[in-house]
Structure formats: structure tokens, C-alpha cells
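Notes to accompany the following structure.
The values are calculated or read from the model by the stated rules, or taken from the named source; none is laboratory data. On a predicted model such as this, the values are computed, not experimentally measured, just so you know. Cβ atoms come from the backbone with ideal geometry, glycine included; neighbour counts cover every protein chain shown. Surface areas here come from the heavy atoms of the whole protein model, side chains and all, with no ligands, DNA or RNA. Shrake-Rupley method; radii C 1.70, N 1.55, O 1.52, S 1.80 Å.
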Amino acid sequence: MRIGICGAQGTGKRLLARMISQKLGLPLIEGTARTTAHEMGIHSEYGLKDLPIDELIDFEKRCLADQSHSEALHPDGFVTARTVIDSAAYWLSWAHSGAPHDDRLWFITTARFHAKDYDLIVWSRPYTEAEIEFDGFRINDPLYQREIDILIGTLIGGWGVKPIIVDDRNPGKRVSQVLDAVREMKEAS
């Protein structure tokens, strides 16, 4: 089972992914964007704002490639705390308008192609009126969080992805929703 958890920053993706990974005994893919950033000497999302556009484009392309590669290493299944859908949303927010046309087309086409590789997409929506915890990396601006959430929703809708949506603040309820969906998928097959 290949489970991808997508959503804006601060919506509990990593915690949910860890819990689902443990419950199902599947490998966890966590933080490919953060790893890519640290490899490039970027220590927070705030640091992305200062990058020249060509470096920003390179960063986003590497994030997509690293995400796809990490997932390909686990053909028998995984749980990932970020998906290629997230990569596409951040691409649209950060780099798309400054990128050459061929890069824009390549990025969105590649992300869309890989979005079909998941058996289950979980869309982790922002909690209502919850403060976004600054964890040393993510931008904790609620307007930015809303923008990314809208972009993810637009991509999901446009690509015909049928996610399960979790937006409850209680991690246990979120896990139960995902496990119920997994159970239903197994029963249907």
C-alpha cells in the first residue's frame, strides 16, 4: 500500500504519517524537502525567499525528484508525509512564474504523472483557528498556509485525485479515518 499524505505546512502530516506507518508496518518517507533544503544550505522556508530564481527553480525541481526517488525505493509500499502534489503546490507558489516555459510544463506534467502512483491520498487540511507552530523550518503564516491548501485542492480537483480528507485536530481520529479507508480498499479488492 502506497499512502501519500499531502497538505499545507502545519497540518499534522508528519505526525499522521508516523502513526500510520507504525500501525501498518510500512516504511516512512519523511522530510524530503527539508533534506533537500539542508543539502543546498537552506535552513528554513524563509531562506527560500532570498534565493535567486534559478536556485529556487533548482531547489523545487530537486524536491520533486527526491520525492519521486524516495517513493520508488519502496515499491511494496510506504507512507509519505509529503507527496508530489505538495511539490507541485509549492512549485506553483514559489517558482512557476519565474521559470522557463519548458521547466513549467515539465514540472507539472511530472508531478501529475507520479500522482497516480499512490494507492491512497490523504489530504490533511488546516485545523480551524489553529496557530501554526514554527518548527525551525516551516513558514508559520496562516495566509501562506491557506494559499498552499488552496493550491493543493486545485491540483487534486484538476487531476481527478480522490483523497480522503482529514481535518480533525485529534490525531487518533485522523489515524482511524485513514485506517478505515485502508480497510475498505482491502475489502473492495
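Do any helices (runs of 4 or more DSSP H) lying entirely in the range 3-57 carry at least 3 residues that are open to solvent by less than 30 Å² (accessible area, probe 1.4 Å) and either hydroxyl-bearing (Ser, Thr, Tyr) or touching a residue at least 40 places away in the same chain (Cβ under 8 Å) (or both), and which ones are they?
Helices (runs of 4 or more DSSP H) meeting the threshold: 13-24, 32-39.
Hand me the list of helices (runs of 4 or more DSSP H) wholly inside the range 65-168 holding 3 or more residues that are open to solvent by 20 Å² or more (accessible area, probe 1.4 Å) and closer than 12 Å to Cys6 by Cβ.
142-159
If Glu133 satisfies all but one of (1) touching an Asp or Glu at 6+ places or on another chain (Cβ under 8 Å); (2) closer than 22 Å to Ile165 by Cα, what's the number of the condition it fails?
Of (1) touching an Asp or Glu at 6+ places or on another chain (Cβ under 8 Å); (2) closer than 22 Å to Ile165 by Cα, only one is false for Glu133: (1).
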